[in-house]
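J.: Quick one: the structure is below, and I'll ask about it shortly.
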Amino acid sequence: MTSDLKSQYCTRFSSEKQIFVCDPIPLFMSEKVTPEHLQQVHKQALETFNKIETLESLQVFTGNLVGKKSAMGDWFKQLKALDVEAKKELGPKLQEFKTYWEQACLDKQNQLETQALNQKLASDFIDVTQAYPSQKGALHPLSQVQRHIESIFTGMGFEIADGPEVETEWHNFDALNVPANHPARDMQDTFFVNSKNDRSDLNSVLRTQTSNIQIRKMLENGAPVRIIAPGRVYRNEDVDATHDAMFYQVEGLVVDKDISVSHLKGTLETMLSAVFAKPMKIRIRPGYFPFVEPGLEVDIWWEYIDKNGEEKGRWLEFCGAGMVHPNVLRNSGVDPEEFTGFAFGFGLTRLVMMKYGIEDIRLLSSNKREFLQQF
Ligand code: FA5
């Protein structure tokens with residue numbers, strides 16, 4: 001009898017064997033249905049059924065045995081053509097066969113679906129209480145150096161001050177004694193946030209320098225004052241290896257009685273020697289910034305090894321500085337007859353480049369993992 005049961009092959013992936021395997025599923029077709037034939041098919045079907053492990057195979061099995069175009073569909077057609085006696089004998093058996101296998105297929109389908117769901121849940125399970133080994137993150141080099149600088153200055157009795165990056169034109173320029181027609185205010189250098197009007201206290205700019213904090217701090221607390229203010233500044237610049245349109249500065253301001261340039265020199269030398277972990281030399285030369293008088297440029301003596309392995313040194317521009325202009329003190333409510341002060345502003349981004357030998361400023365805002373993992 002098995003000879004007339006053609007098989008259909010159902011391909012499935014066997015996870016234990018890691019290969020595709022074929023489950024043969026008989027078609028259960030026969031030319032003539034009889035009670036004996038039904039019994040044989042039942043036996044054969046049970047054998048196959050007990051070996052079925054996947055929903056795909058079960059679907060083929062169900063389709064072949066009890067589906068619309070199945071063997072059983074064919075047998076019911078044959079039943080109609082039988083005489084009354086034969087119908088009486090075969091009819092109930094066929095019905096019993098049908099009920100049994102429809103239920104068996106449904107039960108098995110539920111069982112396999114539950115099994116598949118449980119397997120998926122087990123493999124998708126994440127134990128949130130488990131400590132997974134992960135690569136530790138690190139602070140960005142800018143943050144590392146900024147924090148170091150903050151600790152150096154707080155150790156010298158400075159406070160860390162902060163202020164808005166979107167600033168009024170008045171705090172960023174007027175109060176700092178920068179004349180209305182100064183080229184720095186030009187659209188080429190400054191990002192204006194609103195359309196420009198005549199009232200500088202109503203115009204908003206992205207601050208071009210951290211010097212705005214000098215004004216805010218003195219207006220808030222008067223003198224004496226001893227602060228540094230690290231922060232982001234923005235300039236409408238063409239970006240290249242050493243210039244960015246957004247970079248970090250650190251502003252310093254000390255206003256007290258009898259403050260002189262020697263305090264400025266000592267402060268910067270102390271800070272630089274701590275940052276580079278060796279004694280650093282600086283030189284001071286005249287410079288011009290409207291908010292300081294005298295205005296100064298500070299250079300740093302930079303030692304390096306050249307291409308031929310020889311030790312060399314040269315002066316590098318480090319920052320702008322000077323003695324706080326009396327107009328700035330006045331604009332901030334501090335009496336210039338009573339107080340004097342120094343101020344400086346250096347590029348934190350450039351200092352980080354010097355410390356780590358970074359040749360392109362753009363790397364610092366690139367978010368490249370290969371670059372950042374070095375720090
Ligand atoms: C100023 O911004 C003054 N506010 C500094 C100052 C403060 C002077 C207090 C006197 C008293 P300057 O424009 O030179 O100055 O900028 C200061 C530093 O910012 C520069 O020395 C440089 O290190 C850095 N810097 C300037 N432009 C850029 C840029 N486009 N990209 C990266 N760093 C820059």
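The values are calculated or read from the model by the stated rules, or taken from the named source; none is laboratory data. A quick note: this is a predicted structure, and the numbers were derived from the prediction, not measured. Neighbour counts are summed over all protein chains in view; Cβ atoms, including those assigned to glycine, are modelled from backbone coordinates with ideal geometry. Quick note on the areas: whole protein, heavy atoms, side chains included, nothing else; ligands and nucleic acids left out. Shrake-Rupley method; radii C 1.70, N 1.55, O 1.52, S 1.80 Å.
J.: Residues His140, His148: which one is touching a Leu at 6+ places or on another chain (Cβ under 9 Å) and either at pLDDT 95 or above or closer than 18 Å to Arg226 by Cα (or both)?
T.: Step by step, each of His140, His148 is checked, and only His140 is touching a Leu at 6+ places or on another chain (Cβ under 9 Å) and either at pLDDT 95 or above or closer than 18 Å to Arg226 by Cα (or both).
J.: From the list Ile284, Ile259, pick out the single residue that is in contact with a Lys or Arg (Cβ under 7 Å, 6 or more places away or on another chain), within 30 Å of Pro336 (Cα to Cα) and in the same structural domain as Glu337 (by TED's automatic domain parsing).
T.: Going through Ile284, Ile259 in turn, just one is in contact with a Lys or Arg (Cβ under 7 Å, 6 or more places away or on another chain), within 30 Å of Pro336 (Cα to Cα) and in the same structural domain as Glu337 (by TED's automatic domain parsing): Ile284.
J.: Examine the range 237-249 for a residue that is buried (at least 18 other Cβ atoms within 10 Å of the Cβ) and more than 10 Å from the ligand (Cβ to nearest atom), and state whether such a residue exists.
T.: Within the range 237-249, not a single residue is buried (at least 18 other Cβ atoms within 10 Å of the Cβ) and more than 10 Å from the ligand (Cβ to nearest atom).
J.: Take the residues of the range 101-135 that are free of Cβ contacts under 8 Å to residues at least 40 places away in the same chain and under 20 Å from Lys69 (Cα atoms): which is surrounded by the most Cβ atoms within 10 Å (Cβ to Cβ)?
T.: Step by step, filter the range 101-135, then rank; the result is Glu102.
J.: Can you spot a residue in the range 326-334 that is open to solvent by 10 Å² or more (accessible area, probe 1.4 Å), over 19 Å from Ala175 (Cα atoms) and at pLDDT 95 or above?
T.: no
J.: Being closer than 14 Å to Asn331 by Cβ and among the charged types (D, E, K, R) is the filter here, so list the residues in the range 160-175 that pass it.
T.: Correct list: Glu169, Asp174.
J.: Would you please list the contacts, defined by Cβ atoms under 6 Å and residues six or more apart or on different chains, that run from a residue in the range 31-43 that is of a type in the set (Val, Ile, Thr) to a residue that is not in a helix (DSSP H, G or I)?
T.: Filtered contacts from the range 31-43: Val41/Phe28.
J.: What tally of residues in the range 319-357 results from selecting those that are assigned to a loop (DSSP other than H, G, I, E, B) and either in contact (Cβ under 8 Å) with a residue 24 or more places away in the chain or of a type in the set (D, E, K, R) (or both)?
T.: 8
J.: Going by what's in this entry, would Phe375 be described as more than 10 Å from the ligand (Cβ to nearest atom), touching a helix residue (DSSP H, G or I) at 6+ places or on another chain (Cβ under 7 Å) and modelled with pLDDT under 95?
T.: Considered against the rule, which asks whether it is more than 10 Å from the ligand (Cβ to nearest atom), touching a helix residue (DSSP H, G or I) at 6+ places or on another chain (Cβ under 7 Å) and modelled with pLDDT under 95, Phe375 comes out as yes.
J.: Okay, next question. Of all residues being open to solvent by 80 Å² or more (accessible area, probe 1.4 Å), of a type outside the set (Asp, Glu) and under 27 Å from Gln144 (Cα atoms) in the range 271-303, which is nearest to the ligand (Cβ to nearest atom)? Just the residue, please.
T.: Out of the qualifying residues, it is Arg283.
J.: Which one of these does Ile358 not meet: (1) within 15 Å of the ligand (Cβ to nearest atom); (2) over 24 Å from the mean Cα position of the chain (by Cα)?
T.: All conditions pass for Ile358, except number (2).
J.: Looking only at strands (runs of 3 or more DSSP E) that lie completely in the range 182-300, which have at least 1 residues being touching a residue at least 40 places away in the same chain (Cβ under 8 Å)?
T.: 204-206, 225-234, 246-256
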